[in-house]
Amino acid sequence: MTLALLGLVLALAIGAGCRVLDIPLPAPPKLQGALLVVAMTVGFLVSDTLLR
Amino acid sequence: MNWKFCVGVLLALAIGAGCRWLGVPVPAPPVLVGALLVVAMTSGYTLTDKLMASRPARNTIHCGGPTGDTRETRS
């Protein structure tokens, strides 16, 4: 749990750093795009639970 | 909420489910924490972008994933 939180803080810092340095971000630059990634993962996990 | 975004979310859910059903590698992190890291990265970028309005980002078009822009709206 602590490591996951640390990862989230690091990811926030990477996103902010990419914007400050004007470097291409290794993620969708719009929140909608990132939420689509989450939706894909949720679809994968839900069907993984159902197919077990 | 934009109905096209809702359709996109449904499509993404279907893609994730279809990938698991067919045994195809999913084009997203297969663990929820990984997907939340993507959201956190995007949030950090977006929040900093709002704070740095004086210096426009020139490399947004080179970022990973879709920008949401169509050919018509791209300048």
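Here are some notes:
- Test: residue in segment A:18-25 that is in contact with a Lys or Arg (Cβ under 7 Å, 6 or more places away or on another chain) and in a loop (DSSP other than H, G, I, E, B): yes
- Summed over segment B:17-61, the residues that are assigned to a helix (DSSP H, G or I) and more than 23 Å from A:Leu8 (Cα to Cα) give a count of 7.
- Scanning segment A:24-38 for residues that are among the hydrophobic types (A, V, I, L, M, F, W, C) and open to solvent by 10 Å² or more (accessible area, probe 1.4 Å) turns up A:Leu31, A:Leu35, A:Leu36, A:Val37, A:Val38.
- Applying the criterion of being more than 12 Å from the chain's Cα centre (by Cα) and within 14 Å of A:Leu25 (Cβ to Cβ) to the residues of segment B:53-67, the residue that is most open to solvent (accessible area, probe 1.4 Å) is B:Arg58.
- Residue check for A:Leu21: surrounded by 14 or more Cβ atoms within 10 Å (Cβ to Cβ) and more than 7 Å from chain B (Cβ to nearest Cβ): no
- Taken over segment A:38-52, residues that are of a type in the set (A, V, I, L, M) and closer than 10 Å to B:Pro30 by Cα amount to 4.
- Subset of segment B:1-16 [surrounded by fewer than 14 Cβ atoms within 10 Å (Cβ to Cβ) and either of a type in the set (D, E, K, R) or in a helix (DSSP H, G or I) (or both)]: B:Trp3, B:Lys4, B:Phe5, B:Cys6, B:Val7, B:Leu10
The values are calculated or read from the model by the stated rules, or taken from the named source; none is laboratory data. In this text the structure is predicted, and so the values were computed from the model without any measurement. Heads up, the Cβs are rebuilt from the backbone with ideal geometry, glycines too, and the neighbour counts pull from every protein chain shown. Surface areas here come from the heavy atoms of the whole protein model, side chains and all, with no ligands, DNA or RNA. Shrake-Rupley method; radii C 1.70, N 1.55, O 1.52, S 1.80 Å.
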